[in-house]
Amino acid sequence: MSTPTPSSTGKPSVQSCNRSNPNTNRNQPKPSATGKLAGIKLPSPYVMLLLAPLLWATSNVTGKLGKGWLTPYEMTFWRWGIATLVLTFFARSIIKQDWYIIKQHWLWLFVVGGGGFALFNILLYSAFSLGASVINVSIITALIPFGVIFFSAVIYKDKPHLLQWVGIAIAFFGVLWVLTKGQPFLFDQYSLALGDSLALVTTGIYVAYSIALRHAPKIHWASMMWAMCVAGLIVATPFYGYDLLSNGVHFPDWRGWLMLIYIAIFISLISKLFYMESVIQIGADRASLAMNLLPVFGAVMGVLFFADEHMTLNHIIALSLVMLGIGCSEYGATRRRKFKMVSTS
């Protein structure tokens with residue numbers, strides 16, 4: 001299942017910094033667009049492609065872990081608050097260069113960033129606070145790339161390969177399997193757990209966010225991330241204010257602050273930088289394959305980190321169906337690209 005390029009996914013924009021020669025041999029690593037991060041040389045693109053989905057998979061772990069220390073509103077507010085401060089400091093010269101374009105597209109950045117960053121996280125953290133398991137959420141959110149393929153075909157008249165449609169159907173059946181505890185044909189008689197229902201809603205939000213990125217302004221990825229972090233912080237603020245009025249002023253202990261710093265820096269920023277840099281160096285087609293590890297990493301982490309989570313037969317069947325769907329979709333996407341290359345040559 002390909003994770004589409006920045007024009008159609010939630011990954012940071014690389015268009016403004018990917019200007020390599022199209023005649024360059026795609027098997028040769030391309031020059032780094034970012035060079036170094038805070039003076040530290042970045043790892044090999046293949047190491048970064050392992051680390052990026054691994055870091056993203058820990059997002060669900062921290063979402064469940066954090067419910068013992070913070071409310072969903074607090075986690076979202078502080079996550080994007082810290083990320084905004086970090087980017088403001090390290091990327092201030094880049095943001096200044098892109099400021100004119102940022103102002104021109106402020107409404108788009110506010111709506112897309114507020115929804116994809118703030119609302120998504122508020123609902124995701126709420127799902128865990130209502131008892132959703134990391135395993136279930138990891139499998140459910142595996143629908144995001146399939147949703148992007150489906151709605152891109154509906155809205156933009158994209159023409160996926162037949163096997164991509166087959167992959168969507170298989171993966172959707174896998175998600176139904178886990179939601180109904182192995183009884184997908186009784187779905188209409190089944191009452192979904194509220195946490196799983198919220199996870200489905202977050203999937204819809206991220207699909208919309210991903211598709212909206214087709215219309216992203218052409219600015220540096222750091223400027224895009226900063227503007228969306230600011231939007232996420234603004235949208236999260238009234239929810240955080242409501243939480244303060246309801247529960248009083250509350251600050252996390254040292255464990256909560258460590259977790260927030262990890263989420264803001266490693267999950268929100270560094271993982272996206274790693275993925276973006278890998279796309280630039282080895283190409284989106286090959287880099288996106290690593291993102292298929294997300295549901296597997298997420299499910300395994302749920303078992304490793306939490307004693308109340310167990311990989312049951314239903315989970316194994318559901319995860320196998322999702323991975324089969326991913327395989328079909330990837331193969332279909334590869335066939336479609338080869339056909340387009342032959343037809344245009």
Work the Kirkwood hydrodynamic radius out for segment 125-204: mean of 1/r over every pair of different alpha-carbon atoms, inverted, in Å. 13.4
Per-residue HN-Hα couplings for segment 275-282 [Karplus 6.51, -1.76, 1.60; θ = phi - 60°; Hz; x = Gly/Pro]: 5, 4, 5, 5, 4, 5, 7, 10
Short version: ³J(HN,Hα) in whole Hz for each residue of segment 208-225, in order, from phi by Karplus 6.51 cos²θ - 1.76 cosθ + 1.60 (θ = phi - 60°), x for Gly and Pro, what are they? 4, 4, 5, 5, 4, 5, 4, 9, 5, x, 7, 9, 4, 4, 5, 5, 4, 4
Charge tally for neighbours of GLY298 with beta carbon under 12 Å away, counting Lys, Arg as +1 and Asp, Glu as -1, is 0
Of the chymotrypsin sites (Phe, Trp or Tyr not before Pro) in segment 102-205, which ones lie in a loop per DSSP and count no more than 10 other C-beta atoms within 10 Å? none
When only C-alpha pairs under 8 Å and at least 6 residues apart count, what is the relative contact order of segment 42-344, in percent? 42
Taking only Cα atoms and a 10 Å spring cutoff, compute GNM fluctuations for the chain and point out the largest among ASN247, ASN121, ASN292. ASN247
Show that you can apply the helix-only estimate: for the chain, add -39,500 (n - 2.57) for every DSSP H stretch of four or more residues, divide by all residues, and state [θ] at 222 nm to the nearest 500. -21000 deg cm²/dmol
Can you give me the distance in nm between label points at LYS103 and LYS157, each placed 7 Å from the Cα along the Cα-to-Cβ direction? 3.8
Using 0.36 nm per residue of separation minus the Cα-Cα distance, give me the extension gain between ALA169 and PHE89 in nm, one decimal. 24.3 nm
Debye equation applied to the C-alpha atoms of segment 77-123, log10 I(q)/I(0) at 0.24 Å⁻¹: -1.00
Between segment 70-87 and segment 104-131, how far is it from one alpha carbon centroid to the other, in angstrom? 12
For segment 286-340, just run the numbers: alpha carbon Rg, then divide by 2.2 N^0.38 Å, N being how many residues it has. 1.43
Return the sequence-ordered ³J(HN,Hα) values of segment 100-114 in whole Hz as given by the Karplus equation 6.51 cos²θ - 1.76 cosθ + 1.60 applied to θ = phi - 60°, using x for Gly and Pro. 4, 5, 4, 5, 5, 10, 4, 5, 4, 4, 5, 5, 6, x, x
For a Förster distance of 41 Å, can you work out the FRET efficiency between the beta-carbons of LEU313 and ARG335, rounded to the nearest 0.05? 0.80
With Cα extents along the principal axes in Å in mind, check [x] 92, 46, 38; [y] 59, 51, 35; [z] 119, 59, 32 and report the label derived from this structure. [y]
Distance in nm between label sites at TRP69 and LEU186, each 7 Å beyond Cα in the beta-carbon direction? 4.1
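Each reported figure results from applying straightforward, stated rules to the coordinates on display, with no laboratory input. Predicted model only: the values in this text are computed from it and were never measured. Virtual Cβ from ideal backbone geometry, glycine too; neighbours counted across all protein chains shown.
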